[in-house]
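Values in this text are rule-based calculations from the coordinates and carry no lab data. Nothing here was measured: the structure is a model prediction, and the numbers come from that model. Every residue, glycine among them, receives a Cβ derived from its backbone with ideal geometry; neighbour counts consider all protein chains shown.
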There are 2 protein chains.
Amino acid sequence: MVTNHSPKDRTIEVCFSPALIDLFDTTDTIIVVIDVLRATSSICVAFEYGAKCIVPVATTAEALSYRSKGYLVGAERNGEMLEGFDMGNSPFSFMDEKIAGQSIALTTTNGTQAITAAKTRAPQVVIGSFLNLNALCDWLVAQDHNVLCLCSGWKNAFNLEDSLLAGAIVERLISEFSFSSNCDSAMASQHLYNISKKDIFGFLANSSHRKRLERLHIEKDVEYCLTPNQLNIIPVLKGDTLYNMAVLEEAATTK
Amino acid sequence: MVTNHSPKDRTIEVCFSPALIDLFDTTDTIIVVIDVLRATSSICVAFEYGAKCIVPVATTAEALSYRSKGYLVGAERNGEMLEGFDMGNSPFSFMDEKIAGQSIALTTTNGTQAITAAKTRAPQVVIGSFLNLNALCDWLVAQDHNVLCLCSGWKNAFNLEDSLLAGAIVERLISEFSFSSNCDSAMASQHLYNISKKDIFGFLANSSHRKRLERLHIEKDVEYCLTPNQLNIIPVLKGDTLYNMAVLEEAATTK
């Protein structure tokens, strides 16, 4: 990665769909993967509750294959937890003492696919949610690289909640830290965030995904996932596996 | 096409990039192709000035091959008119008496590619711009079909100006004519249009495409293309060729 940028040299961009990621130059870039409802929110919670690592996998069969290695297994499709798994995609299913010290294999409709799209394309991939918004932005500012927010969307289609979080990151990095942007998706996201930030839950009342989740009676999940700054966790991808960045860094220091 | 919908059964959706069009069900749908700066604006102007027909083609070589058939030929790449062509992509290059009665072959960076993406996917394809906004919406309302706004974007990336026009169409069809939408791109476009509509030119000051066009000194083009309701023209695709819908209908009546 190229280093020694001044803050003003750094750019922030937003990609609305994993299907569009190849339009972006990610050579010198940290990719923030976003799947607000609910994969990247739940991943942050899992590390808050002491998960050792999380392996994002594409298929339910692949997730189940990790059980024999002693992993907990999580799977969600179309919003619902699948039978035979230890957890689904609800952040509350990760708020459990059984998580501490455990390795988890996880597959979800959108989020894990976006992580897969990101991992071969950028030197560093981290996980964003409203829950870790400020912690993540502070860390991004302290790095020396451009930033691309990759919205998971819904089966490659644009969605509102992911673009709102991208907009919150854009707003903070541009307004407070002088990042620049020549990316229309970033500008659109920033505008959408600024008109919604006083009541994101209300703003999303008519969004396709909130309607989709309504039938599942998980309003509590949605409210929690849209609440900024609950956690000081930054999940980071190393190889094919997500770790709690703070734990990784502590291990490196004590070696 | 399925017919006899009540207005409330009809949906409006927005696709932010030709690369995402296959995510949409276009079976019973009119596609509105949008390339505000400047292809679809110029196409509307050409018909206002009496063009007989316009053939959108993919390559400059293909466009030139039409010259021997007596066509005028237009070509733009990266914002600039190419040497050896009769016109580029500026609406003002089509405001000319020489256009009347002529057939035109046209290739542009984004707009003609979006028309090509649309034509095999929907039973009816029409051309949208701010210039023909109200005429187009009135016509869409009088039809019996769903609507998909296809934004040409910039080389498949999201752009602001196309999404603002899409938002203007969504706003009118939903607010005034009870179309419904379960499409987050449509909702985002509608929000962006509503916060920008008092000064679209100013809102786009920092957009990537306005910056791109600045070096070409075509602010006059941009201002004109962002001015709603200058023309009562609806260009419509029949086979591979665009016609002025009013002229087509008149010809059908007088047969």
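Worth a mention:
- This ranking places A:Leu160, B:Leu213 by how few other beta-carbon atoms lie within 10 Å of each, fewest first, which gives B:Leu213, A:Leu160.
- Set of aspartates and glutamates with alpha-carbon distance to A:Lys238 below 20 Å, sequence-local pairs under 8 removed: A:Asp28, A:Asp35, A:Glu48, A:Glu62, A:Asp144, A:Glu249, A:Glu250
- Here the gap between A:Ala246 and A:Arg77, fully extended at 0.36 nm per residue and compared with their Cα-Cα distance, gives a gain of 57.8 nm.
- Virtual spin-label span in nm between A:Asn206 and A:Trp139, 7 Å along Cα→Cβ: 3.7 nm
- Across every direction, the projection of the convex hull enclosing the Cα atoms of the stretch A:60-147 has a mean area of 7.2 nm².
- The gain in end-to-end length when the B:Ser175 to B:Leu216 segment is fully stretched comes to 11.0 nm, 0.36 nm per residue minus the alpha carbon separation.
- 222 nm mean residue ellipticity, helices alone, for the protein assembly as shown (DSSP H n ≥ 4; -39,500 (n - 2.57); rounded to 500): -10500 deg cm²/dmol
- Between this copy and the others, label points of A:Glu214 are 4.4 nm apart in ascending order, each placed 7 angstrom from Cα in the Cβ direction.
- Mean separation of Cα contacts under 8 Å (6+ apart) over length of chain B, as relative contact order %: 32 percent
- Residue by residue along B:180-193, Cβ atoms of other protein chains within 10 Å of the local Cβ number 5 on average.
- Cα centroid separation, the stretch A:48-116 to the stretch A:209-255: 12 Å.
- Using only Cα coordinates, the Kirkwood hydrodynamic radius of the stretch B:124-255 works out to 16.0 Å.
- Across the identical copies, how the B:Glu80 labels are spaced - nm, sorted shortest first, 7 Å along Cα→Cβ: 5.8
- Note that the stretch B:1-132 shows a convex hull volume over its alpha carbon atoms of 125 Å³ per residue.
- Shielding by partners - mean other protein chain Cβ count within 10 Å, residues of B:202-208: 3
- Neighbour-count order for B:Asp28, B:Asp184, A:Asp221, fewest beta carbons within 10 angstrom listed first: B:Asp28, A:Asp221, B:Asp184
- Working from Cα pairs under 8 Å separated by at least six residues, relative contact order for the stretch B:59-170 is 20 percent.
- Environment charge of B:Leu23, counting only residues whose C-beta is closer than 12 Å and scoring Lys/Arg +1, Asp/Glu -1: -2
- Cross-link reach list, lysines versus A:Lys155, counting only Cα pairs under 17 Å and skipping chain neighbours closer than eight places: A:Lys211
- All-pairs Cα distance distribution in the protein assembly as shown, expressed in whole percent, bin size 20 Å: 23, 50, 24, 4, 0
- Relative to the other identical copies, A:Lys197 shows label-point distances of 2.5 nm, where the label point lies 7 Å from Cα along the Cβ direction and values run shortest first.
- Candidates B:Ser68, B:Ser90, B:Ser189, ranked by Gaussian network fluctuation over chain B, Cα under 10 Å, top entry: B:Ser68
- Here the contact order of the stretch A:59-114, divided by its residue count and restricted to Cα pairs under 8 Å and six or more residues apart, works out to 38 percent.
- Among A:His217, B:His145, sorting on how many other beta-carbon atoms sit within 10 Å of each Cβ, with the fewest leading, yields A:His217, B:His145.
- Cα-based shape type of chain B, given that a ≥ b ≥ c are square roots of the gyration tensor eigenvalues and the cut on a/c is 1.5: oblate
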